[in-house]
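Reviewing the structure listed below.
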Amino acid sequence: MHRKMGRMLILSTVKHHITKLLVIAISSVCMSSCDDIRQPSAMPYMQQTMDSLKMWYAQMEGDSMDAASRRIEVFLDQHQDDNSDPMRRLRAEWLKARGVYYTAIKGMPDSGLIYTERALEEMQDLEGVDMLRVLAMANRADFYRQLGELDRSADGYLQALKTADSTGVGDSLRIPLMLGISTAYTFMGDYPNSHRWWERLGTMLPNMNRGDQFIYYNNLGNDHFFQSHYVEARDCFLKAASLVEGDRDKQWDYYTALGNLGEIYICLHQADSARQMINLADSFFHQVNFSPLIYYMATSRMELKMLEGDMQGAQAIALASPKDDVSIPAAKVLRLKALEQLMKNTGRWQEAVAIHEEYHQLNDSIQTAQSAMRMSAQLLQYRNDKQIMEQQQEIYHQQMTARLAWALFAVAILIVIVLVVLYQLRLRRHRLLEMTTQQQIMTLRMENTRNRISPHFIYNALSHEMLGQMEGKAVDLNALTQLLRRGVDQADMLDTTLTEELRFVDYYVEIEGRQMSKALHYEKKIDNDVDPDKVSVPAMTIQIFVENAIKHGLQRQGGELTIHVSRQDDGTLIEVLDNGQGLKQHVPMEHTGMKVVRQTVQLLNEHNHTKITFGLSNRQPSGCRAWLLVPDVFNYKVMKRDN
């Protein structure tokens, strides 16, 4: 009996609030676009006019709004040949505002739809109007709803929401658009879909402004009302009314909610509460002289009179408000239903039957239209879903193609990397083989060099002992044995500690000193900052220096032999000093020992960044100085053979 009342009120609320929201946004953007008009004198005029248009619409001053719109129309007519982007944008904005005027002020949504379609055509291929395009699409969907084409309304809101999301301007418009979608499904009686959208909106309540919250509660209340959930509907309408109570700019919203509450209280058989709500709402709508809502309120007052048992009062209202005085079918259905009940209550059965037939014919046509619209909405939704699915498939295909391309590219890169690694491994293996071969060659060279000194050294030691024995001198076999053993051991070594090297030299000097005809004074000086156990030197190198000093400088005349070890820079300096004959000028050092030292040092230096250096020079007033400078960081192992 009461379902159609909520439909009227929800139309009134959305028309007044959402459309108002959109036209204010249009006016604001329109003012900014006027700044681009090329005629400097026109800009202040247009800006002032747009400001007035927005103000008069907010105050529902239809005549003033129409006058401002006409001034803008005159301006556009004067520049109708100007197809620049700023002028096209201004023309599109004016067409949209005109559509809202005809719908919200004149109550002619069909005319509003024509203007809105023209605005959308004007915006084709126009850049920088994404927000305006979405607003126009939302207006168009709202106008379809007011024309009763609810399937096209739902589809229009869905298209607007999709456009808003795709253009990135959806954050500020998602809530109004989703409210429109939910309400359209509610109108069609498609409650599963409306419930789904109302639930989504419920999660967004904290992000809504007060106006959107009012629409949410008012329209959700109507959704409950249509399904006869009167208690839930009452709670929603009470919440909606409390949101706008006392706000002069929200009077339409407030009294609309009161009208809805009056209808709910009738359904709940609460006559006192219903009377209070209906009287307040009816008084306001008479004051603003809005005939569709006055007609609806008359129907509510008839129902209230019947609830109170005042049949004469109900008949008086029916006579004062003819049932045909409305162009909205839903309003007429509600009136017919109330009149049928009134005829039954007063015993006018023949008239009740006639009204009942008329009611069912109109109601059946509405129900049939709703069913058709629900089917159409499902087909449109299927079309949209199919389009979205095709787009997703295309995106997926493009993504898979891109992934395949990247995969092939990655495989190609991997193949290149593998080839490079294989090449590097082969090159490294080749270099390793070369290094191994070179190492073996150098090891053989080192062994050859070392082996040259070993027989030479042994031969000299034995010769000296034999000569000494023939001359009747004492022979120390223990010292000779130690010397020969260490000489053989060191012949196979590349390096030894300075301690071991000096101990070897001690045995050698002991043997050689006994065989000399004159005294040999031997001394070792090791500075305190030198630890001979931690200093490595090429094996037998110091011994060769000592041997040369004795053999070529001190053997005949005797004298002093000193070994001095000190720190120099980042190395250890070993000096062999004698006061013998010294080096003869123009006589090169060709003896075997020095050749061995030179070759040994050269081979060891090849694989070291820091080098061993050595030298031989005369001293003043007489004698010779042989020296060896060994770096602290030096690698002897590179030349060793693996056993």
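The values are calculated or read from the model by the stated rules, or taken from the named source; none is laboratory data. All values reported here derive from a predicted model rather than from experimental measurement. Positions of Cβ are backbone-derived with ideal geometry, glycine not excepted, and every protein chain shown enters the neighbour counts. All accessible areas refer to the heavy atoms of the entire protein, side chains included, with ligands and DNA or RNA removed. Shrake-Rupley method; radii C 1.70, N 1.55, O 1.52, S 1.80 Å.
Remarks
- When both region 266-312 and region 82-131 are represented by their alpha-carbon centers, they are found 39 Å apart.
- Solvent-accessible area of region 489-551 (1.4 angstrom probe, protein heavy atoms only): carbon and sulfur portion equals 44 percent.
- Listed residues His397, His564 arranged by accessible area, highest first, probe 1.4 Å: His397, His564
- Solvent exposure of Glu340, expressed as accessible area, is near 10 Å², computed with a probe of 1.4 Å over the protein chains only.
- In the context of the full protein assembly, Glu434 retains an accessible surface of approximately 80 Å², using a probe radius of 1.4 Å and ignoring ligands and nucleic acids.
- Computed extension length for Ser84-His609: 181.3 nm, one decimal, from 0.36 nm per residue of separation with the Cα-Cα distance subtracted.
- Of Thr183, Thr401, the residue with the largest accessible area leads and the full order is Thr401, Thr183 (1.4 Å probe).
- Computed from backbone phi, the HN-Hα couplings of region 78-95 come to 5, 10, 5, 8, 8, 10, 5, 4, x, 5, 4, 5, 4, 4, 5, 5, 5, 4 Hz, rounded to whole numbers (Karplus: 6.51 cos²θ - 1.76 cosθ + 1.60, θ = phi - 60°; Gly and Pro given as x).
- Residue-count net charge about Val244 - beta-carbon cut-off 9 Å; Lys, Arg +1, Asp, Glu -1: -2
- The candidates Thr346, Thr256, arranged from most to least accessible area with a 1.4 Å probe in the full protein assembly, appear as Thr346, Thr256.
- Region 181-221 - percent of accessible surface contributed by carbon and sulfur, probe 1.4 Å: 51
- Take region 78-193 with all the other protein chains still there, run a 1.4 Å probe, and you get 35 Å² of accessible area per residue.
- Links that overshoot a 20 Å alpha carbon limit, given the list Lys595/Lys637; Lys518/Lys595; Lys534/Lys595; Lys106/Lys239; Lys305/Lys344; Lys524/Lys611: Lys595/Lys637; Lys518/Lys595; Lys534/Lys595; Lys106/Lys239; Lys524/Lys611
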